[in-house]
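Any read-out appearing in this document is the output of simple, stated calculations on the displayed coordinates, not a laboratory observation. Because the structure is a prediction, the values reported are computed rather than measured. Here the Cβ positions follow ideal geometry from the backbone for every residue, glycine too, while neighbour counts run over all protein chains shown.
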Amino acid sequence: YEIYLNGLTGAVPRLPTDLTRLEELAERMLGPGPFGYVAGNAGSGSTARANRAALDRWRIVPRVLRDVHRRDLSVEVLGRPLPAPLALAPVGVLSIMHAEAETAAARAAAARDVPFILSSASSTPMERVAEAMGDAERWFQLYWPKDPDVTRSFLDRAKAAGYTALFVTLDTPMLGWRPRDLDQAYLPFLHGVGTANYYTDPAFLAGLAKPVREDPEAALRHFLGMFGDPAKSWPDLAFLREHWDGPMVLKGVLHPDDARRAADAGMDGVVVSNHGGRQVAGSVAAADALPHVVQAAGDRLTVLFDSGVRTGDDVFKALALGARAVLVGRPYAYGLGLEGQAGVDHVIRCLLAELDLVLGLAGHAGPGSVTSGDLVREFA
Ligand code: FNR
């Protein structure tokens, strides 16, 4: 209604309300460095395409005459009441997109009560982002450092700064083969490198022979050396469980057996995700993995979903396939690059408004009643 009323005075939205068009706008408006960093995929992009195709193959079956005049998008996720089944996914090094980086994105999320998941690889220290968010819901994403002292220090800092849930990303012990980044020799990434949480960390700094300023190269090497750890295995999770008493969620789970193991390890949830197609080329589409993980999880885990969500109907489909809520990554990163905080706000509002309409048109007053019966599968 707001867009319609503004339209009476001749004002049209500054960004497209079809969020699938944000990417082409970003390609035109942002430089190849920032655009390539966000748009980049593993290999030739087959996983990102599969993510979209899998969501598109499901079709919603609208219902009529179900009294949906009063609708409520709220859900409970990890024990927290949320206004809608949506959170902003962790996206590292947002300073590549906008000078205000994570702070602007977090403020936009906070203003709409949408949880913001701060990346370990953020370009702003976690305490500064927390300060910008007041008491709004925030979650911390862990790229699990090799050094247990740094890991513990991150968890302690995140807790002290009011991050209530921990998202442990497990699909990135090594970065995937990403031609866009490789072809640019990771230059945009290195310019905005996501070391802020590390370079403000006492345990990390204690491992350096000289202060960062005196030997920046050694500091960077130290960071790169501990960033990922392909030697980790299931028993190691006990360490995290011991040092984090809030909800803990494993991000990047696609196999039902991994979901079962997550539940056995005392985890609270999983994010069915293939990192937006950035890690494994040729990977199963996240939406195709979702129902299998949901089944394996039963009522032992909260199942969240990301990878390819662009519209309200995508969110609806994920809910119908059993997700409790979804995360979005690229759309808000493009919004941030194009219009800063206002761009992120635009993305959040479009997604929520469209979801609200799709829910109502599909005959639901809220997310709780959506089931797989609302979808049919289209065979090409
Ligand atoms: C990511 N993602 C990510 N995930 C994570 O756990 N930590 C991180 O630091 C990052 N960084 C990151 C940077 C960029 C530029 C992108 C596009 C993605 C993955 C992210 O959290 C999420 O899984 C995907 O973005 C979801 O797919 P869509 O919504 O981008 O299609």
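Couple of notes before you dig in:
- Simple Cβ-charge dipole of the range 217-339, Lys/Arg +1 and Asp/Glu -1, about Cα centre, in debye nearest 20: 160
- For the range 231-380, convex hull of alpha carbons as volume per residue, Å³: 157
- Rounded to the nearest whole Hz, the Karplus-based 3J(HN,Hα) values (6.51 cos²θ - 1.76 cosθ + 1.60, θ = phi - 60°) of the range 199-216 follow the sequence 6, 10, 9, x, 5, 5, 5, 5, x, 9, 6, 10, x, 3, 4, 7, 9, x, with x at glycine and proline.
- DSSP beta bridges in the chain [antiparallel fraction, %, rounded to 5]: 20
- The range 62-165, relative contact order [Cα under 8 Å, separation at least 6], %: 22
- Rg/Rh for the range 221-309 (Cα atoms only, Rh after Kirkwood) is 0.99.
- Mean separation of Cα pairs under 8 Å and 6 or more residues apart, divided by the residue count, gives the range 245-377 a relative contact order of 20 percent.
- Applying 1/(1 + (r/R0)^6) with r as the Cβ-Cβ distance of Lys232 and Asp257 and R0 = 22 angstrom yields a FRET efficiency of 0.80.
- Value in Å of the Kirkwood radius, where the chain supplies the Cα pairs that are averaged: 21.1
- CD proxy at 222 nm, helix term only [per DSSP H run n ≥ 4: -39500 (n - 2.57); per residue of the chain; nearest 500]: -13000 deg cm²/dmol
- Geometric extent, Cα atoms of the range 163-245 - Rg, Dmax (angstrom): 15.2, 42
- Zone of Asp67's modelled label, taken as backbone nitrogen in the range 351-378 under 16 Å from a point 7 Å along Cα→Cβ: 363-366
- Taking each residue as 0.36 nm, the span from Thr200 to Asp56 lengthens on full extension beyond its C-alpha to C-alpha distance by 47.5 nm.
- Note on Leu208 and Arg221: their simple-model spin labels are 1.4 nm apart, each label 7 Å out from Cα toward Cβ.
- Taken as Cα centroids, the range 253-268 and the range 276-333 sit 15 Å apart, rounded to the nearest whole angstrom.
- Note that the range 199-266, at 37 °C in a medium of 0.692 mPa s, gets a Stokes-Einstein diffusion coefficient of 223 µm²/s from its Kirkwood radius over C-alpha pairs.
- Potential lengthening between Ser369 and Ser74 on full extension [0.36 nm per residue; Cα-Cα distance subtracted]: 105.0 nm
- Rounded to the nearest 20 debye, the dipole size of the chain about its Cα centre is 520 debye, using +1 on the Cβ of Lys and Arg and -1 on the Cβ of Asp and Glu.
- On full extension, the segment bounded by Lys146 and Leu8 gains 43.9 nm, given 0.36 nm per residue less the C-alpha separation.
- Furthest towards positive pole of dipole, Leu30, Val64, Pro125, structure part the range 14-133, Cβ charges: Val64
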